[in-house]
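Colleague: So that we are looking at the same thing, I have put the structure below in structure tokens.
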Amino acid sequence: MFDKLTERLQGVIESLRGRGRLTDENIADTLRQVRMALLEADVALPVVKTFIDAVRGKVVGQELDKSLTPGQTLVRIINDELVALMGEGVRPLNLRAQPPVVILLAGLQGAGKTTSAAKLGKWLKENERKRVLLASTDVYRPAAILQLERLATQLDIGFFPSDASKSAVVLAREALAEARRSLYDVLIVDTAGRLHVDDEMMVEIRDISAAVSPTETLFVVDSMAGQDAVNAARAFGQALSLTGVVLTKTDGDARGGAALSVRQVTGQPILFMGTGEKTEALEVFQADRVASRILGMGDVLALVENVTRSVDREQAEKLARKLKKGKDFDLEDLHDQLQQVEKMGGLGALMDKLPAQLAGKAAAAPQANDKEIKRQIAVIRSMTPGERRYPKSIDASRKRRIAAGSGVHVSEVNRLLKNYLQMQKMMKAMSKGGGLRRLMGAFGGGRFPPG
């Protein structure tokens, strides 16, 4: 997400490098470039104007910190204004109401409401220890009801069996009655996707809201929707008493304009962002971290949290003890590491949180591809236990058998073994101390950017 915007802003900041001070001339030129970058990212025009005026007010006529370069000064000001733009009113979900707390999800067709309902249910179950009941009122698309039921079963979350022959309002009332009867803490009501120009459907969702009196009414918006998201946000905001926003598909090739526009248009805070297709790919929205990503500084804290949550600590400690004893990192270990990367959402999800300089180096590596990781796992699984423990035993005939067993060309097996040898060298180097310095060397001598 924000790739294009990040790239443009990095260029703007780079253009200030080497300049001794900010002048009226380079301030005007820089703000013009920032304005163009925001408009290209599909940020709504009124939002761009407000943002540029705020940045100009901070830069022009103020005493600047002499310890900072012009580029650093601008980065700090833009960062502060991005946080202010996206972060105003950000808060936790209101779960203090009389149970069951009702959360109503609304949005356009294809915005990702059904998946978001399941993700939110999982998040509430694991982070807030709540008993959650999922209910669908999408009587126009029975497949959506079935999808939500399957997700609820997979996550071991309560599901209200919706009868598509009944009206959406009746289903909402019945789901609320079931949540009260079975003492659920939270009821999440998924609604049918609707176009904001469809008056009849907008009346229906107002009736659903009146029937269940939700504590939270969340507008679910696709981050790739651009100006459509802004228009929809305005219409839904007029039809419903929105209390927050869920931003979905932020892992896609999004320009990011919706994230910067939707808060100001709806007047409500972004509470969550979906970062992938998996049910665990939901993050609490934190404006300072998203601003850091936009400016190419990554989100190392989110990366650390992701690793802490996903990595098998016992397995990691076992590998550390093995390396400490001087034993070699083998293909079985590589298989486990590749699986851990998959559990964390793949390399794309990890690199999105790295500072731009490191992410660029990692992306340039030949193995930095999620499909490649799946192929490498398949290749390793086609080997015998002995071959995994003793890769040197893999000769030409074994390579042909492994390639045939995993459905790849022999060159793929050779590439895996080459990558394995590089990783083995890196593991040896890190086990001898100076781990971070040696790891940066593995990325081609890259360094973390200032700040």
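Colleague: As a quick test, which of the pairs K392/K425; K392/K418; K113/K249; K125/K374 have an alpha carbon distance above 21 angstrom in this structure? Provide the component values of the computation, followed by the final result.
Modeller: Numbers: K392/K425 15 Å; K392/K418 12 Å; K113/K249 11 Å; K125/K374 30 Å.
Too far apart for the 21 Å limit: K125/K374.
Colleague: Give the whole-number value, in cubic angstrom per residue, of the convex hull volume spanned by the C-alpha atoms of the stretch 112-244.
Modeller: 107 Å³
Colleague: Evaluate E = 1/(1 + (r/R0)^6) for R96 and E126, where r is the Cβ-Cβ distance and R0 equals 22 Å; express this FRET efficiency to the nearest 0.05.
Modeller: 0.70
Colleague: Treat the count of other C-beta atoms within 10 Å as a stand-in for reagent exposure and order F236, F159 from fewest to most.
Modeller: Placing the least packed residue first, the sequence is F159, F236.
Colleague: Can you tell me which of 419-426, 375-382, 203-210, 116-123 comes out highest on packing, and rank the rest after it, using the mean Cβ neighbours within 10 Å?
Modeller: Peptide ranking by packing, descending: 116-123, 375-382, 203-210, 419-426.
Colleague: Here's something else I'd like to know. Can you work out the Karplus-derived ³J(HN,Hα) for every residue in the stretch 164-177? Use 6.51 cos²θ - 1.76 cosθ + 1.60 with θ = phi - 60°, whole Hz, and x for glycine or proline.
Modeller: 5, 7, 8, 6, 4, 5, 4, 4, 4, 5, 5, 5, 5, 4
Any read-out appearing in this document is the output of simple, stated calculations on the displayed coordinates, not a laboratory observation. Because the structure is a prediction, the values reported are computed rather than measured. No Cβ is skipped: glycine too gets one built from the backbone with ideal geometry, and neighbour counts run over all protein chains shown.
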